[in-house]
């Protein structure tokens, strides 16, 4: 309970620092006889991998996952699945300057305040590198969701805002997401973002973003009220991603501006006799339990704190100074957060599924 | 782990339905020798109590708390503190109409989908009445926070937006909060809100809101990375409150629009030699750990779903119908969420404090 | 996580002190649509109730249970079941003498060492009175087990040893258990025990016991290796009962004396094609998972520490003294532990069942 | 919560199968700034290592531990400590025969019943090989215990019974434990055991054992009543070790035969003003909380189920057959359980320490 695990029944524990020998996770609570191999997991890691274009960090990490346990002859056995990723491109020399100075917006000062020691190499444990582990765990979660009888659950993420520039929802095309370096579902927006981000990057600056993740096909009835509501679990999950500062479900903050008449998701009877909804302000969750509609989560990511522009700071000896964070950084860390958000959606849903199975009669 | 408990070391479990005989909670993990009596807890319950003015439900509930265990001669003993509140004004006849119809925006349909049974009286377990239990638990958490050596932690909440109408932060005065029925820190806004809400109420409508909760005096170093980050725990906590659809920390969604240069909370050395920050976009949390600055959380509440205007819906037999929710409802459920948000902040911090004590060297 | 809860999915939290206003528990993780009423639970409480004969404490407690939540129209709803028992016969004057002296064998000194405060009235939280709450929770667990498709699970307990006097297993008759005040399955032994215990009681002494609990009809496949093995959960469960100092499964400590040839539970194919075992040294659990055989647990209970014979002790001011524990005590606390052991078996199995349901494919 | 983790605040999760590529664990909840290196951990693994003499399995495993995270410049950082052990001597051919047959006394049948799949190579996950991971975690726990101010805690284990042959406590000498292959504290007994075990081994048989673990120097006040009592945690811990069938604390099952007069651990005032006890029937725990005396746990281990003598069994196709378990097995698996029992004592105490720190005032 020291904070490095996530989930109740489908539960993973991550380990590893940015510049240690390896990162990875142990996934416990994986039902038996699910097909699983390294190739399946690798495909998701590759989406998040650094070094793929000029808009993300140039660190060269193959992020090659190895399954060390829990799979036998291509199937899960019900025992813990251990996923192991060696760090290959640590290049520690890049980070020598941050040994003593606290980078604004980073966890440098708070880790020191909490632990009295910190692995400063590349941000150590607080580096976004940790998110590779959860993308791997998320792939396992997807296998669990594939096993839900008759559900056909899909989980898709997209970046919907870069800095002040939002996508035009009229242009939304899920197939566009794979065609640009921003996971942007609006082709025109993606072009404008490219120019915008180029400018920021060259000026030694960075920018925030908003990511949206949508799960379709989730049956009604998942989620555990009161304190493990599905939307609460999702909010917790997304807020654990590095640099996330806000989460909303469905209409989210916009719901605050609506009246009860506007916000009501009215219901009709669908062709199969089940209720259908005429709108989805609720984002697929009512009373913490899934409605059967799309589950829609958005989260806000602050701009990358590592920038080439000097900022005022202090060092751990109590001296005032300033810092420029050199190295290989994402000018918009929100980009690589898209596959991470998808992964967290998958693990939350896999956990909710197992919990619902336990209680169902 | 069926969802009715919150917290790791400071942990409470609630029980009870809107129209059952009683509600309450068991608070476990309360350190010994803290002063505690019913009067102290009652003061917080009275802030949330229904029936106090025309802007909240007219249900008449004294919400009188009784301590059934864990306190001896005025002090906590380290054993579970059981807090018990009898339901007095159930008036079940009001709710007969919702026995078979699903109210849009409520958990009626999802509880049926999940459990195949539901206590429809007043929303049963999914009623906001449950939040009285957490306000009581929050009072105990405040006692824990009072025991933090040399901290002087204060927790204060305010409503900062009603429908489209935001407070003017230039007018912010914490002392105004207690002077109007909206917990509004801007006296002028409070007056405008009164007119606005009167109109909505009379027209059988309702409206959403945004609440802000601020904790001051929290030392640096609280919070457990990676998956129990302080901001993740806060997001989870607030998202468990009925009708909440979004949570943000510090700059929150606005951070998505900022550049790295703008967003950096630069640091200087304070008079006591500790770091001070020149801004607080981070909302008092970096890397999931408190910075020592104010911890600032905001959450969005959707409009009350129970309205007097007919809405389309279905019943549990699969028939299309419409519904008008009569009864005694809050036209803006965000109002009474203010003390609930404060309580959740208190329990999250009490838990973080105990966890930090366990790991500190 | 402060120690007052038991179970993972089927999970209860108890509260209350011996001489406080009430005791009880919140049972979370109860599947919906199980029949439940106070009468069903009361029957189990009545088996454990004090004051029923001269061999148990003369405290007069009706132990009348009230269901305060989680049941609607006679069925569980999937929400927390709150069970409430008022204390009626506190008679605190009996216990004034132990306010400052530590009773040997009791938790008086350790509670003071841990908490720096203690509710000394009747042993406060450490009193065996707490076990009434778990007997109530155990009744709910039995309802869960009744819902296992096609299983027909029965849980029965018996006292198999009083002091040095063991039952003769050749005389074992489950129907005898209800016919004597000792839950003894051997009618002849029960008669001898009556004389033996009378003598001890009159001389101001007490004695230990061994209790055996057997669950029949549990399907193969329940239990979660490695650290939540079914036998580990049972050992933990029984060791939480007041005064228990040892637990064994199947052959238990006798297995240490066996050779591998003797200890092997050989297998044959049963009439239904499933494996059957030729013996049950394993006590129904292999590798932490149920085999389908009877699950057999025994636990040792130390003699009641409250005796009328003076014992040397100290007081909380650091003075040497001696103490005689007057009051109303069980001369053999093992007797009333039988229904408690049954209850703990039921809750462990209910939890194992729900966990197995979650993971099953 | 799928069973592969142990502990609440000091918490480890193990992974790996007997013949997979690796085993190991992630230890979370390790306080910062404790000295830790591979050599320190290796020393404990070496005590448990196979292949060291003719009385244990001849599998040749160096069990070389690698620290993959959580340590920086020789000190723990407060982040998860990942301990990794590669399997080197799998020799799978030895185990081909057990692919389809269920070995009596093993988890073969129950894993199949539970999961519908099983890694049969060397027992897979249910192999005692898993215990290497906990010995490694136990070494980290020892570092935590070393940091307890002024305590001087020592943890020592010994084998006290092999088959029917017990040690003579009059001969007890802790220094003898390291001098014989049985961890036996009685030099004369060790010699007799050598002959006895040689005979059993040569006849293709095996035998059970009893192990005792003693922790000295634990302060009064550790342990969390009611359901996380220190003795309950210890019972759970020991019962998770492969082949353990019974656990007792202090006088244990012998307490059942005592009277209250005999069993009372009378108290006097010690030279430092603290209570001292005139005996330790309680085994150092009262009401689930440590008394400050030695904490004494014993556990019974059944004879190794893998024997060279044919036993009746069935196969997974429902045929009756018999089996001889060839391969490299411990004739008395209790021997190598001694360092494992010590490790489990260490992790239980480390967890209890952190929990007590959290609640202390």
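The values are calculated or read from the model by the stated rules, or taken from the named source; none is laboratory data. The structure presented is a predicted model; accordingly, all values stated were derived computationally and were not measured. Positions of Cβ are backbone-derived with ideal geometry, glycine not excepted, and every protein chain shown enters the neighbour counts.
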Can you confirm whether region A:209-228 contains a residue that is assigned to a helix (DSSP H, G or I) and in contact with a strand residue (DSSP E or B) (Cβ under 6 Å, 6 or more places away or on another chain)? no
Out of (1) touching a strand residue (DSSP E or B) at 6+ places or on another chain (Cβ under 7 Å); (2) crowded, with 24+ Cβ neighbours inside 10 Å; (3) within 26 Å of residue B:64 (Cα to Cα); (4) at pLDDT 95 or above, the one residue B:141 does not meet is (1)
From the option list B:32, B:50, single residue qualifying as farther than 19 Å from residue B:125 by Cβ and surrounded by fewer than 23 Cβ atoms within 10 Å (Cβ to Cβ) is B:32
Flagged pairs (Cβ under 6 angstrom, 6 or more apart or on separate chains; first in region D:39-51, at pLDDT below 95; second assigned to a helix (DSSP H, G or I) and crowded, with 17+ Cβ neighbours inside 10 Å) are D:47/D:339; D:48/D:135; D:48/D:336; D:48/D:339
* **Hey, residue B:103 in a loop (DSSP other than H, G, I, E, B), within 14 Å of chain A (Cβ to nearest Cβ) and surrounded by fewer than 24 Cβ atoms within 10 Å (Cβ to Cβ) or not** => yes
How many residues of region D:14-32 are in contact with a helix residue (DSSP H, G or I) (Cβ under 6 Å, 6 or more places away or on another chain), within 7 Å of another protein chain (Cβ to nearest Cβ) and within 17 Å of residue D:142 (Cβ to Cβ)? The answer is 2
Those residues of region B:121-147 that are more than 18 Å from residue B:344 (Cβ to Cβ) and touching a helix residue (DSSP H, G or I) at 6+ places or on another chain (Cβ under 6 Å) come to a total of 2
Residue hits (region B:303-317; more than 7 Å from chain A (Cβ to nearest Cβ) and surrounded by fewer than 20 Cβ atoms within 10 Å (Cβ to Cβ)) are B:308, B:310, B:315, B:316, B:317
The one condition residue D:345 fails out of (1) within 20 Å of residue D:28 (Cβ to Cβ); (2) within 10 Å of another protein chain (Cβ to nearest Cβ) is (2)
So, residue C:75, is that one under 24 Å from residue B:14 (Cβ atoms) and surrounded by fewer than 24 Cβ atoms within 10 Å (Cβ to Cβ) or not? yes
Subset of region B:17-60, residues assigned to a loop (DSSP other than H, G, I, E, B) and under 21 Å from residue B:180 (Cα atoms), comes to B:49, B:50, B:51, B:52, B:53, B:54, B:55, B:56, B:57, B:58, B:59, B:60
Of the listed residues (D:300, D:358, D:337), the one being more than 10 Å from chain C (Cβ to nearest Cβ) and not in a loop (DSSP other than H, G, I, E, B) is D:337
Kindly check whether there is at least one residue in region D:43-65 that is within 14 Å of chain A (Cβ to nearest Cβ), under 23 Å from residue B:358 (Cβ atoms) and touching a strand residue (DSSP E or B) at 6+ places or on another chain (Cβ under 6 Å). no
Of those in region B:258-273 that are out of contact with any strand residue (DSSP E or B) (no Cβ under 9 Å at 6 or more places or on another chain) and loosely packed, with under 15 Cβ neighbours inside 10 Å, the residue nearest to the other protein chains (Cβ to nearest Cβ) is B:273
Over region D:198-242, the set of residues farther than 30 Å from residue C:113 by Cβ and either at the interface with chain C (Cβ under 8 Å from one of its Cβ atoms) or surrounded by 24 or more Cβ atoms within 10 Å (Cβ to Cβ) (or both) is D:200, D:205, D:206, D:207, D:208, D:209, D:210, D:242
Within region C:143-179, the count of residues that are free of Cβ contacts under 8 Å to residues at least 40 places away in the same chain, farther than 30 Å from residue D:263 by Cα and assigned to a loop (DSSP other than H, G, I, E, B) comes to 3
Note on region A:247-257: residues part of a helix (DSSP H, G or I) and either at the interface with chain B (Cβ under 7 Å from one of its Cβ atoms) or in contact with a helix residue (DSSP H, G or I) (Cβ under 7 Å, 6 or more places away or on another chain) (or both) are A:252, A:253, A:255, A:256, A:257
Being under 27 Å from residue B:275 (Cα atoms) and under 18 Å from the mean Cα position of the chain (by Cα) narrows A:121, A:125, A:103 down to just A:125
| Looking at residue A:63, is it within 19 Å of the chain's Cα centre (by Cα) and not in a helix (DSSP H, G or I)? | yes
Here the residues within region C:275-297 that are free of Cβ contacts under 8 Å to residues at least 24 places away in the same chain, in a loop (DSSP other than H, G, I, E, B) and facing another protein chain (nearest Cβ under 8 Å) are C:278
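With the structure loaded, tell me whether residue D:187 is crowded, with 20+ Cβ neighbours inside 10 Å and either out of contact with any helix residue (DSSP H, G or I) (no Cβ under 6 Å at 6 or more places or on another chain) or modelled with pLDDT of 95 or more (or both) or whether it fails that test.
Numbers: crowded, with 20+ Cβ neighbours inside 10 Å: no; either out of contact with any helix residue (DSSP H, G or I) (no Cβ under 6 Å at 6 or more places or on another chain) or modelled with pLDDT of 95 or more (or both): yes.
No.
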Subset of region A:66-100, residues at pLDDT 95 or above and either assigned to a loop (DSSP other than H, G, I, E, B) or within 14 Å of chain B (Cβ to nearest Cβ) (or both), comes to A:70, A:73, A:74, A:77, A:78, A:79, A:80
Among the residues that make up region D:1-9, is at least one of them within 26 Å of residue B:228 (Cβ to Cβ) and modelled with pLDDT under 90?
yes
